[in-house]
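Read-outs: derived from the displayed coordinates by stated rules, not from any lab. No experiment lies behind these values; they were computed from the predicted model shown. All Cβ positions, even for glycine, are placed from backbone atoms using ideal geometry, and neighbour counts span all protein chains on display.
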Amino acid sequence: MISITLPDGAVRQFERPVSVRDIAQSIGPGLAKAALAGRVDGRLVDTSHVVDRDAAVAIVTDRDPEGLEVIRHSTAHLLAYAVKELFPDAQVTIGPVIEDGFYYDFAYKRPFTPEDLNAIEQRMAELARKDEPVERSEMPRDDAVKYFEGMGEHYKAEIIASIPSNEPISLYREGSFVDLCRGPHVPSTGRLKVFKLMKLAGAYWRGDSRNEMLQRIYGTAWAKKEDLDAYITRIEEAERRDHRRLGRQLDLFHLQDEAPGMVFWHPKGWSIWQEVEQYMRGVYRDHGYLEVRTPQVLDRSLWERSGHWQNYKDNMFTTESEKHDFAIKPMNCPGHVQIFNADLRSYRDLPLRYGEFGACHRNEPSGALHGIMRVRAFTQDDGHIFCEPAQIQPECVAFHKLALDVYRDFGFTDVVVKLALRPTPRIGADEQWDRAEEALRDALRACGAQWTELPGEGAFYGPKIEYHLSDSIGRPWQVGTMQVDFQLPGRLGAEYVAEDNSRRVPVMLHRAIVGSLERFIGILIEHHAGALPLWLAPVQVAVLTITDRSAAYAERVAAALKAAGFRAMADLRNEKITYKIREHSLQKLPYLLIVGDKEQQAQSVAVRTRGGEDLGAYALDALLERLRKEAAARQ
């Protein structure tokens, strides 16, 4: 007898090996009809998978997160099936599930067009309606290579050839289409009813710019049409908020091919940068950080001792001078250790907190670059705390509270905390990693924080707490980190004189709150849809004249605003006031002040908000008081 334990603890007995589909049928025909896959002892499998021993089994439906992943994975195969039907000469490569959807890369003799995309989606719907079974089989690796080469699928054959020879190759067939895949997949194509192809893009084979350029088709798939409709609405809203579009529209920054992944900041964008940087500089000052500055270029020997040369070299820009290798710093930590080492330190000096707005460069793949969100040159609000082991918890607790306060000031109140644990490869003994990971857990417990853990996602030198912000349309953004490092200080010779006069290696806490200023400003732009709060807005107030007669008065009002510390400008152009209001509203200025004969005579201004609300007449002193309170509250 085979005992099958269900999620509710119930046990069902079967006299012979039984498929996941049959287990679902034994529970009820409704569940069998809804089943997309199964979990057998935690492993996701097809409904055709046969259980031949005692096991814990759960039936996966579209109500489960894994069910949605199976739907998307299967829809990627349906996409490839449709492409091969319409374009037989196209070669299929890879088609993984990604957040909110999937993609598939193809090699084809000409670029696909939007019309092709519509035809492919229509063909996918036709194939889904045929409700063809999706069947799994296995083949020896070398046979599978020959099989796909015989079909002219050279990319697929190359993938299979890279798999160890003793590993069986699993294939999935639906109709005339056969693809390499580990699975699982839905039982039949009829289960795929809610999908949409989103866009076309280019992608290098295996992500390497030295390889051929392929064509990538992105799509999305859902269990219910209302979920797809909600997703499309979110996508449209995200496009409206896209920081690249708003950067052009609001004249904030630009990027160009001569400096890939590096930002040209325009005056308005640099104003935002300065507000963020000066705010963070105040945070440093008020919480015991000493601001420092370290060199951009450091000798290879330092990066070898730190471990970066061995573990991070592919992401570093390197150069050579006088037969010496150098690296442009991708991070600031080794430089901060050099400042610590420049003097004899005592336990009385600890914790010692350094902060730097450090310009860093990382050799990100060109395909990964994305506006100012993913760049090669960036500046961090970087800080490092040198402390004794007993000081880890209080420092982490203080940082946690500080980080949440900062996020709140920028308009983020929904913050998710995650703990990234030891990766492979890494440096240091497992015992040290045990201590570091538990120290961060203790700190989060002391904060009363809830968190989830991310195995394998820590830095190569230590685990880290990550802070993920949700923006105004619910998208998560990972920004701040707190990392415990028992490795780097010792590798670079850092030590302090302990209370018993012995020499000890300090613990190093790597911390950032907003992280990359470029990325954080991009997040702010999208979070606020370009309508930044008063304290961040590059132009806070515009004074608009109705006629030329009010020009001198408008200039005096603008001068008074500037003298009070506000970023103001006067628009004296000989244009209709409605035109001026519309133009400055599109620039998302927080306040528009309209002045004409009546306002000049009363020594007042007519105040209009960014949202179009008419606040009526304000005396200048009263308006300045309103603006001061709003800016100070950072609302």
What full-extension length gain, to one decimal in nm, is calculated for residue 5 and residue 405 as 0.36 nm per residue of separation minus the Cα-Cα distance?
-> 139.3 nm
Computed Kirkwood radius, in angstrom, where 1/r is averaged over Cα pairs of segment 205-344 = 20.4 Å
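What is the packing order of peptides 522-529, 402-409, 374-381, taking the mean over residues of other C-beta atoms within 10 Å and listing the highest first? Don't skip to the answer; put the middle values down first.
Numbers: 522-529: 22.5, 402-409: 16.9, 374-381: 21.0.
Result, highest mean first: 522-529, 374-381, 402-409.
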Please give the peptides 267-274, 75-82, 619-626 ranked by average Cβ packing (other Cβ atoms within 10 Å per residue), highest first, as a rough proxy for protection.
-> 75-82, 267-274, 619-626
Mean Cβ neighbour count within 10 Å, used as a protection proxy, ranking 455-467, 601-613 highest first = 455-467, 601-613
Nearest-0.05 FRET efficiency for residue 166 and residue 304, computed from C-beta distance (R0 35 Å) | 0.40
Helix-derived [θ] at 222 nm for the chain: sum -39500 (n - 2.57) over DSSP H runs of at least 4, divide by residue count, nearest 500?
-> -11000 deg cm²/dmol
Relative to a virtual label point 7 Å from the Cα of residue 603 in the Cα→beta-carbon direction, which members of segment 536-566 show backbone nitrogen distances below 17 Å?
-> 552-561
Roughly what % of DSSP beta bridges within segment 515-635 run antiparallel, to the nearest 5?
-> 50 percent
Considering the Cα trace of segment 437-591, what is its radius of gyration and what is Dmax, both in angstroms?
-> 25.4, 79
Can you pull the three principal axis extents for the Cα set of segment 34-90, in Å, largest first?
-> 47, 25, 17
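Tell me, what is the FRET efficiency for residue 325 and residue 211 to the nearest 0.05, using R0 = 25 angstrom and their Cβ-Cβ distance as r? Walk me through the numbers on the way to the answer.
On the way: r = 28 Å, r/R0 = 1.10.
Result of the calculation: an efficiency of 0.35.
Based on the alpha-carbon gyration tensor of the chain and its eigenvalue square roots a ≥ b ≥ c, which shape applies: rounded if a/c is under 1.5, prolate if not and a/b is larger than b/c, or oblate? Numbers along the way, then the final one.
Values: a/c = 1.96, a/b = 1.35, b/c = 1.45.
Oblate is the answer for the chain, as a/c is 1.5 or above yet b/c matches or exceeds a/b.
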Using 0.36 nm per residue of separation minus the Cα-Cα distance, give me the extension gain between residue 531 and residue 497 in nm, one decimal.
-> 7.1 nm
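Could you compute the FRET efficiency for residue 341 and residue 370, with r as their C-beta to C-beta distance and R0 at 41 Å, rounded to 0.05? Working shown, then result.
Working: r = 37 Å, r/R0 = 0.91.
The pair residue 341/residue 370 has a calculated efficiency of 0.65.
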With the 8 Å Cα cutoff and a minimum separation of six or more residues, segment 535-635 has a relative contact order in percent of 28 percent
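In percent, what relative contact order does the chain have, based on Cα pairs under 8 Å that are 6 or more apart in sequence? All intermediate terms of the calculation are to be shown ahead of the outcome.
Numbers: 1189 pairs, mean separation 55.0, N = 635.
Result for the chain is 9 percent.
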Give the distance, in whole Å, between the Cα centre of segment 495-510 and the Cα centre of segment 609-635.
-> 52 Å
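If I take every Cα pair under 8 Å that is 6 or more residues apart in segment 538-581, average their sequence separation and divide by the length, what percent do I get for the relative contact order?
On the way: 54 pairs, mean separation 22.3, N = 44.
Contact order relative to length: 51 percent.
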Give me the number: length gained by fully extending residue 359 to residue 262, i.e. 0.36 nm times residue separation minus the C-alpha to C-alpha distance, one decimal in nm.
-> 33.8 nm
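Nearest 5 percent is fine: what portion of the DSSP beta bridges confined to the chain is antiparallel? Write down the numbers at each step before the final one.
Numbers: 99 of 118 bridges.
Antiparallel: roughly 85 percent of the beta bridges in the chain.
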